[in-house]
1. Where the only charges are on Cβ atoms (+1 Lys, Arg; -1 Asp, Glu), what is the dipole of the stretch 66-147 about its Cα centre, to the nearest 20 debye?
2. Between residue 168 and residue 42, what is 0.36 nm times their sequence separation minus the Cα-Cα distance? Round to one decimal in nm.
3. Can you list the lysines whose alpha carbon sits under 18 Å from that of residue 139, skipping same-chain ones fewer than 8 residues off?
4. Which ³J(HN,Hα) values in Hz, rounded to whole numbers, follow from the phi angles of the stretch 120-134 under the Karplus curve 6.51 cos²θ - 1.76 cosθ + 1.60, where θ = phi - 60° and Gly and Pro get x?
5. Find the centroid of the Cα atoms in the stretch 198-220 and in the stretch 111-164, then give the distance between the two in whole Å.
6. Starting from the 7 Å offset along Cα-to-Cβ, what nm value, one decimal, do you get for the label separation of residue 51 and residue 136?
Amino acid sequence: MRAKSTVTALVALVMALSGGAAAAAPVDGATAVTTRDRDCAKPIRLFDGHSLRGWSQAGPGGFDVEGGKLVSRGGMGLLWYSERTFADYELRLKWRVTAETDNSGVFLRFPDPGQDPWVAVDRGYEIQINDNPGGDPQKTGTVYNFQDPFRTASKPVGKWNEYRLVVVGQRYRIYLNDVLVNDFTSTDPARGTEGHVGLQNHDPDSRTEFRDIWIRPLHR
């Protein structure tokens, strides 16, 4: 009877510490999902489709909101999400070019640039958008100035493409239209593991469009 009472007391203690119910054991060696993990898994919509709320512009030019899209003009400048920074995450967004010469990029993990768009270039990483057969040799999917993509997966001019950028620790995986096109590991101590995200308005002749911008923080 004493052994049974001891077991009952231990069960009651476990239930009390876990909020009234014992936690389920992981299945097949899987890691139990905590409340914090679930909260981190919630996607955050960065662009509401109607305004530039939460965003700031650094440098010349900018972006206009047209029909639920962000449309670049002028440059070279940077539209950056100034509301908060992110560490590890999955960033999803759709983009399309209006001419084969259009140039743009997605910037990751850079500090507050103030009014200087070059902070994102020098302190973060740019994921290139450029399918121009001439001009800059660094094409779509490049981690700019660091690593070229190992395959191409862009759609024709005027078609929407989707980037899925998975950033964990020092590793950057670049998916374009559900195809892994680059897998880069940073070794540069000047670039941190937390920062802002941003979009480039590259030059007056480029008109690049973005929509459906979501980020899902990841908890390690």
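1. Charge dipole, the stretch 66-147, about its Cα centre: 200 debye, nearest 20.
2. Value of the extension gain: 43.7 nm.
3. 94, 155, 159
4. Using θ = phi - 60°, the values come out as 5, 5, 8, 10, x, 10, 9, 9, 5, 10, 6, 10, 5, x, x Hz.
5. Between the Cα centre of the stretch 198-220 and that of the stretch 111-164, the gap is 10 Å.
6. In this crude spin-label approximation the distance works out to 3.1 nm.
Every number in this text was worked out from the coordinates using simple rules, so none of it is lab data. Just so it is clear, the model here is predicted, and its values are computed rather than measured. With ideal geometry, Cβ positions are generated from the backbone for all residues, glycine too; neighbour counts draw on all protein chains shown.
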